[in-house]
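Here's the structure, in structure tokens; my notes come after.
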Amino acid sequence: MLTSDTKFLEPELMDVVRLFDGVQEQDIAHTMRYTGDAFENTVTIGSRTRVFSDPAEVRGELQYKSLAKRYAKLALYAVLSEETGITLPWGALTGIRPTRLAYAELDEGRPFEPLFERMRVSPDNIALVRRVIAGQSGLYERRAGNCDLFVSLPFCPTKCEYCSFITAPIAATRKYLPDYLAALEEELAAAGPLIGNLRSVYIGGGTPFALEAEELERVLKAVAPLRTNGCEFTVEAGRPDTFTREKLEVCKASGVTRICINAQSFSDETLARIGRKHTAQAVRDAFALAAPYGFSVNCDLIAGLTGESFESFCASVDEAVALAPDNITVHTLCLKKGARLKEETSRLEEGRLSDMIAYSRAALTAAGYGPYYLYRQKYMAGAHENVGWARPGTACVYNVDVMEEIADNLAVGANAVSKKLFAGGKRIERHGSPKDIPTYLAKVPQLIGERNALFTE
């Protein structure tokens, strides 16, 4: 149990506690005071007390809270690391966007590396952040009016064991599809006046290819009037067992430029274990089926899937590289509430997972890919990260904009979260749609009105 005399710090400190197995059951006390020129944090576990002093000059309430969180987490991390003997790859950083913190340092005219070293981030991850920032060169753009469009299609053939999304097997949700498609058309028609400079369109899921070709075509036609500048257009096609020539032809005719093939693994045993109803050969077949259409292709892999060996994961990385997609995204297994595997899986063997991630970085670099975006989530195995890798000149605009939060994001559909940037991105207002499809359908006019108000504020 953790207690702090500064209540706004407790959620931040609990994020650190969750990184260390077993310490949740211990009594941990924290106090903090600002002396005028330094933050003093005191951490007590059992009979042991440690005091940390970090010099800091504070300008205003926002900076006070930001620095208070930073140094309180660093003090607690130092104590728990010493208590458990565990060091973590991102040290005391718990935020989901490490690169945003790096950019903030660069904006102040400082190199980001000293801060990351102080927060005990590993040298390998400091180097990764440096490479990601370099990989975003030419795409990273903070300009008023920039906007991305997201369309949510929360339908899947089946629900994977690790999945915490709102998706359900389409056999159970197909009855909602006619009304859902009509709702998307209504939302997209209302979105036009709210969009400034459209940087990209992303149709995600779920598994968008779980829809029939004519259903998918309705969505793409509703997007067409908004995409007047020929910007990047991604359909996260999804699972290979949903691919058909008709769906690919619909995408090509509608101007789609990029698709995602979510392989996750090239091991048949692993695919069966996580609830996938397809084989590795189906992934290869999806690549072959898509090849004539000239799409830029992303292939997803997951490190740490239950029961998968280091050798099997490495073989999946090698096979993905051999298929030569423009982008390969390497996720770390994340077990959130709502994922069936969360109930039966504890922390994975850290050495195995770290070796998997190290292999993927080395193999992709050797194959000519570079990292161009990364993000983290709570409950990630081993406190690692997700990284998008791209061949030169093929990085995804949407991923950069969304992960760095440097453009407005107008999102439609169930569980879609729109974001509007103010004051050059220093303030972000969000608007979320209901996760439940029937509830979403009942509120479409209200959602349109609320989004209009946000984007015309």
Taking the criterion of being at pLDDT 95 or above, surrounded by 14 or more Cβ atoms within 10 Å (Cβ to Cβ), touching a Ser or Thr at 6+ places or on another chain (Cβ under 6 Å) and of a type outside the set (Phe, Trp, Tyr), would at least one residue in region 20-30 satisfy it?
yes
Pick out the one residue from GLU311, GLU319 that is part of a helix (DSSP H, G or I), surrounded by fewer than 23 Cβ atoms within 10 Å (Cβ to Cβ) and free of Cβ contacts under 8 Å to residues at least 12 places away in the same chain.
GLU311
Looking at region 80-92, which of its residues are in a loop (DSSP other than H, G, I, E, B) and touching a residue at least 40 places away in the same chain (Cβ under 8 Å)?
ILE86, LEU88, PRO89, TRP90, ALA92
From the list GLY393, GLY424, GLY449, exactly one residue is out of contact with any helix residue (DSSP H, G or I) (no Cβ under 7 Å at 6 or more places or on another chain), exposed (fewer than 13 other Cβ atoms within 10 Å of the Cβ) and outside the structural domain of VAL201 (by TED's automatic domain parsing). Which is it?
GLY449
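Mind checking which strands (runs of 3 or more DSSP E) fall wholly inside region 359-457 and carry at least 3 residues that are touching a residue at least 60 places away in the same chain (Cβ under 8 Å)? Outline the logic, then answer.
Numbers: elements: 370-375, 386-390, 408-412, 417-422, 427-432.
By residue number, 370-375, 386-390, 408-412.
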Sole exception among (1) out of contact with any Pro (no Cβ under 8 Å at 6 or more places or on another chain); (2) under 21 Å from MET14 (Cβ atoms) for LEU106, by number
(2)
Scan region 290-322 for residues that are farther than 13 Å from SER265 by Cα and not hydroxyl-bearing (Ser, Thr, Tyr) and jot them down.
ALA290, ALA291, PRO292, GLY294, PHE295, VAL297, ASN298, ALA322
Looking only at region 1-57, count every residue that is without any contact (Cβ under 8 Å) to a residue 24 or more places away in the chain and within 29 Å of the chain's Cα centre (by Cα) and tell me the total.
5
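Results for (1) within 12 Å of HIS30 (Cβ to Cβ); (2) loosely packed, with under 14 Cβ neighbours inside 10 Å; (3) assigned by TED's automatic domain parsing to the domain that holds VAL23, shown as yes or no for each residue.
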| site | (1), (2), (3) |
| --- | --- |
| VAL51 | yes, yes, yes |
| GLY60 | no, yes, yes |
| LEU67 | no, no, yes |
| VAL79 | yes, no, yes |
Residue check: is ARG273 at pLDDT below 95 and touching a Gly at 6+ places or on another chain (Cβ under 6 Å)?
yes
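When you look at ARG347, is it assigned to a helix (DSSP H, G or I) and at pLDDT below 95, yes or no?
no
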Would you be able to tell me the number of residues in region 135-150 that are touching a residue at least 12 places away in the same chain (Cβ under 8 Å), over 14 Å from MET403 (Cβ atoms) and in a loop (DSSP other than H, G, I, E, B)?
3
What are the residues in region 9-50 that are within 22 Å of GLY91 (Cβ to Cβ) and part of a helix (DSSP H, G or I), if any?
LEU9, GLU10, PRO11, GLU12, LEU13, MET14, ASP15, VAL16, VAL17, VAL23, GLN24
Go through region 99-134 and count every residue that is buried (at least 17 other Cβ atoms within 10 Å of the Cβ) and outside any helix (DSSP H, G or I).
4
Scan of region 225-260 for residues that are modelled with pLDDT of 95 or more, of a type in the set (A, V, I, L, M) and under 26 Å from the mean Cα position of the chain (by Cα), ordered by number:
LEU226, VAL235, LEU248, VAL256, ILE259
From the residues in region 63-98 that are more than 24 Å from the chain's Cα centre (by Cα) and among the small types (Gly, Ala, Ser), which one is farthest from LYS426 (Cα to Cα)?
GLY85
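The values are calculated or read from the model by the stated rules, or taken from the named source; none is laboratory data. Bear in mind the structure is a predicted one, so any value in this text is a computation, not a measurement. A quick note on method: Cβ atoms are made from the backbone with ideal geometry, for glycine too, and the neighbour counts reach across all protein chains shown.
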